[in-house]
Amino acid sequence: MAGTASFVQKLGNSVKKVSDSRSSSWWYNRHMRAASRAVYLRIPLVDFVLEVRDARIPMSSAYWQLRYFPSSSRNIIVLNKMDLASHSKTKEWMAYFKEQNYTSYAVNSHNKDSIKQFLNFLQAKVRDLRRNACSSTTDTTTVMLVGLPNVGKSAFANSLHQIGRVTALEKGKLKQAKVSPHPGETKDITSLKIASHPNVYILDTPGILSPEIADVERSSKLALTGAIADSLFDPSDLARYFLSILNLGHEYKKWENILKLDTNGNEIMNDHTQDLVVSAVRRALFEEISAFKGNLEDETDMVQLIEAQFTTLRKVFNVNSDSFEAANNIVSGKLINLYRTGRLGHYTLDNL
């Protein structure tokens, strides 16, 4: 869309510059290269491959190494973070994958019921595999998780492990894969048991980006959802890109019935995670968009609205700084955090 084009281009060019020059120690570093080879060699050896994608970007978060392997019923696309994506769009994407003969499943790694349902689904797949292969029920099934950085593989693996242990009534110290909000933290392949009778082990692998990403729109979406390290970007560029998406969408219209804010509550106004502040942010953004009379498909008008939103958000977040740039960076960090945690609505950035 024209209203987001300049923001997409700016972020995309930043990604391309870093990937082309290899100027960042984070981008496809030696850990990623070693992990890439290890994953590549193990994929043909496991029973199932769970390709974990971000439900907000079902196509943009596709795991690039799987293009070297033929698709099969043992490859399952897991749309994680479904709680952050548009529910109706997720259904559309799953219908699309079904048409393309892919098996897909949407999950929320932090919801026990969602994990239990997926575990039941996976165990049914394991039983089908054993029946078709005439295998003994004492055999071990291995399931490998693959995906880009920060799509939630480790959180998903830990949840499966925890629910699986409880279901199997197994005791002992709970082993966990390392979980971090920062992409690229997992360095090794971790094995976790998720079921018994038959035994099922899940292999959590490091998130691996392709050596280069030429598509600026895809790289912008990866940046906004956190698959690429925030340190590679100007925070305000990420925030402006999100605001352009918000301004052109319909999610903000759901905030129309927000009640009049009670500013006498106990919440601290500069703590952006408090409900009072979240409501104030929604209200401020709703009012700015609703009052704007320009053409949001026009880049100049979109920039004008976004700058007005930044001015308002500095007041809402109670940001005081002598530096205009520093103040905007603080606002940007808080805004992106609210977006990534679903406090500002549910967005699917990839369209069919």
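Scanning segment 38-91 for residues that are out of contact with any His (no Cβ under 6 Å at 6 or more places or on another chain) and among the hydroxyl-bearing types (Ser, Thr, Tyr) yields Tyr40, Ser60, Ser61, Tyr63, Tyr68, Ser71, Ser72, Ser73, Ser88, Thr90.
Residues considered: Asn351, Asn337, Asn329. Of these, the only one that is surrounded by fewer than 19 Cβ atoms within 10 Å (Cβ to Cβ) and in contact with a helix residue (DSSP H, G or I) (Cβ under 6 Å, 6 or more places away or on another chain) is Asn329. Does Leu203 qualify as being at pLDDT 90 or above, touching an Asp or Glu at 6+ places or on another chain (Cβ under 9 Å) and not acidic (Asp, Glu)? It is false that Leu203 is at pLDDT 90 or above, touching an Asp or Glu at 6+ places or on another chain (Cβ under 9 Å) and not acidic (Asp, Glu).
Pairing residues of segment 188-203 that are farther than 18 Å from Lys125 by Cα with residues that are modelled with pLDDT of 85 or more and among the aromatic types (Phe, Trp, Tyr), at Cβ distances under 9 Å and at least 6 apart in sequence or on separate chains, gives Ser191/Tyr201; Leu192/Tyr201.
What is the one condition in (1) surrounded by fewer than 18 Cβ atoms within 10 Å (Cβ to Cβ); (2) at pLDDT 95 or above; (3) among the charged types (D, E, K, R) that Asp20 does not satisfy? Result: Asp20 fails condition (2) only. The condition (being loosely packed, with under 12 Cβ neighbours inside 10 Å and free of Cβ contacts under 8 Å to residues at least 60 places away in the same chain) is satisfied by just one residue among Gln117, Gln100: Gln100. Tell me yes or no: at least one residue of segment 185-199 is charged (D, E, K, R), modelled with pLDDT of 85 or more, closer than 30 Å to Tyr241 by Cβ and touching a helix residue (DSSP H, G or I) at 6+ places or on another chain (Cβ under 6 Å). Checking segment 185-199: not a single residue is charged (D, E, K, R), modelled with pLDDT of 85 or more, closer than 30 Å to Tyr241 by Cβ and touching a helix residue (DSSP H, G or I) at 6+ places or on another chain (Cβ under 6 Å).
Remark: pairs (first residue in segment 82-97, under 17 Å from Glu51 (Cα atoms); second residue of a type in the set (Gly, Ala, Ser) and part of a helix (DSSP H, G or I); Cβ separation under 9 Å; 6+ apart in sequence or on different chains) = Met82/Ser114. Is it true that Leu296 is touching a residue at least 24 places away in the same chain (Cβ under 8 Å) and assigned to a helix (DSSP H, G or I)? It is false that Leu296 is touching a residue at least 24 places away in the same chain (Cβ under 8 Å) and assigned to a helix (DSSP H, G or I). Using the structure shown, decide if Val107 is assigned by TED's automatic domain parsing to the domain that holds Trp64, at pLDDT below 95 and of a type outside the set (Asp, Glu). In short, no.
Is it true that some residue in segment 123-137 is of a type outside the set (Gly, Ala, Ser) and either modelled with pLDDT of 95 or more or touching a Leu at 6+ places or on another chain (Cβ under 9 Å) (or both)? No, every residue in segment 123-137 fails to be of a type outside the set (Gly, Ala, Ser) and either modelled with pLDDT of 95 or more or touching a Leu at 6+ places or on another chain (Cβ under 9 Å) (or both). Listed by first and then second residue, the pairs with beta-carbon distance under 6 Å, at least 6 apart or on different chains, first residue in segment 32-56 and modelled with pLDDT under 90, second of a type outside the set (Gly, Ala, Ser) and buried (at least 21 other Cβ atoms within 10 Å of the Cβ), are Met32/Ile208; Ala35/Pro206; Ala35/Ile208; Ser36/Ile208. Checking each residue in segment 105-128 for being among the polar types (S, T, N, Q) and assigned to a helix (DSSP H, G or I) picks out Ser114, Gln117, Asn120, Gln123. Among residues of segment 63-94 being hydrophobic (A, V, I, L, M, F, W, C) and surrounded by fewer than 16 Cβ atoms within 10 Å (Cβ to Cβ), the one that is farthest from Ile228 (Cα to Cα) is Phe69.
When we screen Asn101, Asn80 for residues that are at pLDDT below 95 and under 30 Å from Asp139 (Cβ atoms), the only hit is Asn101.
The values are calculated or read from the model by the stated rules, or taken from the named source; none is laboratory data. Remember, it's a predicted structure, so these values are computed and weren't measured experimentally. As a convention, Cβ positions derive from the backbone with ideal geometry for all residues, glycine included, and neighbour counts pool all protein chains shown.
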